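Quick notes on the structure that follows.
Laboratory data are not the source of any read-out in this text; all were calculated from the coordinates shown. This is a predicted model, so every value here is computed, not measured. Because the Cβ atoms are built from the backbone with ideal geometry, glycine has one as well, and the counts that use them run over all protein chains shown.
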Amino acid sequence: MPVVKVLTEGIGEANLRDMHVYRQRGGYKQFERALTAMKPADVLDAADKSGLRGRGGAGFPTGKKWSFLPSNDRPRYLVCNCDEAEPGTFKDHMLLEEAPHLVLEGILLGTYGIGSHHAYMYIRGEFKRGYEIFMQTVEQARQAGFIGKNLFGTGYDIEVTVHRGAGAYICGEETALLNSLEGKRGEPRLKPPFPAVAGLYGMPTVVNNVETLAYLVPILEKGPEWFAAAGTERSKGYKVISISGHVKKPGNYEVPLGIPVRELIEIAGGLRDGRTLMAIQPGGGSSACIFEEHLDLPYDYESLAKAGTMLGSGAMVVMDDTTDFVKAAFNLVRFFAHESCGQCTPCREGGHWLETVLHRFVDGRALHSDIDMLRKVGHQITGINLCPLGDSIEPFLLSVLNRFPEQFEARVVKEAALPA
Amino acid sequence: MTTRAEDFPALRERLRAQCDAIVAQYEQPRSALLPLIHLFQQHEGYASPEAIRAVAERLNLTPAVVESTVSFYTLFFRRPVGKYVLQVCRGLACTINGAEDIMAYFREKLGIGHLQTTPDGIFSYEEVECLAACDRATCMQVNLDFVYDLTPQMIDELIAAMRAGTYAVAPMPQTEIPGPTWTVRQDSQVSMGEKSAGAQDQLNPNNAGGLDKDGVIMLDRIILQEGRFKGRTKERLANVEPAIVNILENGASH
């Protein structure tokens, strides 16, 4: 089995929330080494060479993202995005609660790597326990001298502020997150300017996912070449995959990118006995489904994109033949309609109307023309919104509508039953 | 017994140092908006109008701006809630693992639906989006504390424990008796299925000229407006709602 233990090393075995345990296992050594023996540019270089790509969903190369920061004297910020709310994703939740020191060390490395002195940690409002754990983590690190002024006598200062959200999926979008962090409604901003140029408080800002930042620690420890050696040509390294749905052992599994989808399902214990696979949503609620014929597809950014879907946040929901795909489509469309911030009309109205039409299918009172209506409305929402939320409404619906049209047609009212 | 509103100045005074410490963490004070509301909600059980005004004053914003921001986030309660806020996950992974049955069981046991509070003020029930615990579906949060792998038996036990006051998670502070719901959208009269008294006889209560329970709101606006707006609105009204123009012309009291 190709399951590896990099970020997940020690989780479930040792109490990694304890500073002493984490340090005994080599914790904060990389941060100390970076600060005392490396320049920020060296950290950036390592991130770049490793081929690490954003693990939050967009998959943007991390080193490249950092390099977009303009070289000026304005204050710059690192923001760690722990607003994990993509349906099916639960990896950051685990890292936050089970390996908070690793996450913090990653944040500190990232902050140093971009030459910033202030990092913000944005934690999803629902993760109250995670927030409390992380507050303790920051306090322990402050006492140990890893946060504050003149760290390790180098004269370098880093401050960390932990910020708790209050329940809004859209705040996982980086510019919405920045607005929320500024105390505003979590509405995405028009881009450009990108956060690298004008982010938090209008200053150059990098927003990175929890998992992305956490990977900086092993990358510095074992070298970028070690990380780049795993995975595929363009999807390098490892990734924590959240596998849930109709599998025997749902959970987070860390694997090298590019392993076949079939193997991932086997890692999660395989399907329940006597069931057949119907569909897999490979990259969170925003992604289109893949099916039986895609089982040998390598699980990496490019292969999934070629199959018309995406790797996203690495959340795989496996669905067997007990699944009602009309209800599943309604469920996800309702999610996006509920979470739309309401700024862009296509997303706000389109999501709502798709939900209304799908509700007719769920109730078994849809008209035949409603099937075309689903396609039409879905198509009209996509590609014309400020942020990717609007574009996320259609893919799952369309993929299951194309694959299982009979399930939708079965919910159409028979013509004889209609009043003349 | 003093009321919550009467106690508020003392609470505000007690939390002053803590508020200052929160504001000091950020490079701009407005960033403290969410944490400050969290703080007051933690003490009062919901984001009260007094708290919103106090935060606005502290951050040098208008109460409307704070209210607008607070209303964006689902974890800020705009009205008092029950002692235990039960938030059951309705995400995809939970749904395909039986969340519908779990939710139906909750509704039956509690006798309330989505976004409602029981009359005894103990339970508030909400069906929420993915809680990021899909490996342990079906899941829920009780006052933001996770409960995993739900079964009907567990539900029976936890409801009984909450009724008896022996449940492990601390109850929400309850400074006011909660109403039937805590969201503003749900408790508006129209969505509760009641039209406002004045609009009952109108064909199109949402058109200009729609009447409100407390008075003729749109009509007031028309009367108060001078100039072209008045004339044009009246013209349009004459076409769609002649009855209202009649009231307007004849000065019928409202």
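Being within 14 Å of chain B (Cβ to nearest Cβ), in a loop (DSSP other than H, G, I, E, B) and over 21 Å from A:Val317 (Cβ atoms) is a property that does not hold for A:Gly383.
The residue that is farthest from the other protein chains (Cβ to nearest Cβ), among those in segment A:281-303 that are buried (at least 24 other Cβ atoms within 10 Å of the Cβ) and within 16 Å of the chain's Cα centre (by Cα), is A:Tyr299.
Can you tell me which residues in segment B:103-148 are polar (S, T, N, Q) and under 17 Å from the mean Cα position of the chain (by Cα)? Talk me through it step by step, then tell me what you get.
First pass over segment B:103-148, keeping only residues polar (S, T, N, Q): B:116-118, B:124, B:138, B:141, B:143.
Correct list: B:Gln116, B:Thr117, B:Thr118, B:Ser124, B:Asn143.
Just one of (1) part of a helix (DSSP H, G or I); (2) within 19 Å of A:Glu84 (Cβ to Cβ) fails for A:Leu220. It is (2). Can you name the residue in segment A:66-109 that is surrounded by fewer than 24 Cβ atoms within 10 Å (Cβ to Cβ) and charged (D, E, K, R) and, of all such residues, is farthest from the chain's Cα centre (by Cα)? The residue in question is A:Asp73. Quick one: B:Val23 ticks every box in (1) within 14 Å of another protein chain (Cβ to nearest Cβ); (2) surrounded by fewer than 23 Cβ atoms within 10 Å (Cβ to Cβ); (3) touching a Phe, Trp or Tyr at 6+ places or on another chain (Cβ under 7 Å) bar one, so which box is it? Just one mismatch for B:Val23, condition (3). Exactly one residue out of B:Arg30, B:Arg58, B:Arg53 is in a helix (DSSP H, G or I), surrounded by fewer than 21 Cβ atoms within 10 Å (Cβ to Cβ) and facing chain A (nearest Cβ under 8 Å): that is B:Arg30. Across segment B:70-98, the qualifying residues are those that are more than 8 Å from chain A (Cβ to nearest Cβ) and assigned to a loop (DSSP other than H, G, I, E, B), and the one among them that is surrounded by the fewest Cβ atoms within 10 Å (Cβ to Cβ) is B:Gly98.
Name the residues in segment B:129-146 that are assigned to a strand (DSSP E or B) and either of a type in the set (D, E, K, R) or within 8 Å of another protein chain (Cβ to nearest Cβ) (or both), would you?
Here is the first cut: in segment B:129-146, the ones assigned to a strand (DSSP E or B) are B:140-142, B:145-146.
Result: B:Gln141, B:Asp145, B:Phe146.
Tally time: how many residues in segment A:313-324 are facing chain B (nearest Cβ under 10 Å) and either of a type in the set (D, E, K, R) or part of a helix (DSSP H, G or I) (or both)? Of the residues in that region, 2 qualify. Of the conditions (1) of a type in the set (D, E, K, R); (2) in contact (Cβ under 8 Å) with a residue 40 or more places away in the chain; (3) in a loop (DSSP other than H, G, I, E, B), A:Glu9 fails just one. Which one is it? The number of the failed condition is (2).
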